[in-house]
């Protein structure tokens, strides 16, 4: 029970609401490995992307919904990485969670 609480604390402190729901979704459906989100929602999964648990693998542009400007609604396709699968598995089984890569490559940070 203590490990579940520790894992929940980690999840709640590192990930936003959408990310927590994604982790839960992959935990409930162990066969799921892909997720589609509207383009522009990258910010809502940023921490999972940064930690290497989720990766964007493409974009679907013709889902049959046209806007007034004849553009198609775009959907980004994400995949749970092997590290992401291990993280979700550890979370659902109540074993200690590994920390993400926290790779900030390509992100400019300015410190005075």
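Numbers below:
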{"read-out": "Test for residue 97: is it surrounded by 10 or more Cβ atoms within 10 Å (Cβ to Cβ), modelled with pLDDT of 65 or more and assigned to a helix (DSSP H, G or I)", "value": "no"}
{"read-out": "Which numbered condition residue 46 misses (of (1) more than 11 Å from the chain's Cα centre (by Cα); (2) at pLDDT 85 or above; (3) not in a strand (DSSP E or B))", "value": "(1)"}
{"read-out": "Qualifying position, being closer than 14 Å to residue 10 by Cβ, surrounded by 15 or more Cβ atoms within 10 Å (Cβ to Cβ), modelled with pLDDT under 95 and touching a strand residue (DSSP E or B) at 6+ places or on another chain (Cβ under 8 Å), among 75, 88", "value": "88"}
{"read-out": "Which listed residue is closer than 17 Å to residue 89 by Cβ and at pLDDT below 90, from 63, 22, 11", "value": "11"}
{"read-out": "Pair list, Cβ under 8 Å, 6 or more apart: segment 1-29 residue free of Cβ contacts under 8 Å to residues at least 40 places away in the same chain, other residue exposed (fewer than 13 other Cβ atoms within 10 Å of the Cβ) and part of a helix (DSSP H, G or I)", "value": "20/12"}
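The values are calculated or read from the model by the stated rules, or taken from the named source; none is laboratory data. The structure presented is a predicted model; accordingly, all values stated were derived computationally and were not measured. Because the Cβ atoms are built from the backbone with ideal geometry, glycine has one as well, and the counts that use them run over all protein chains shown.
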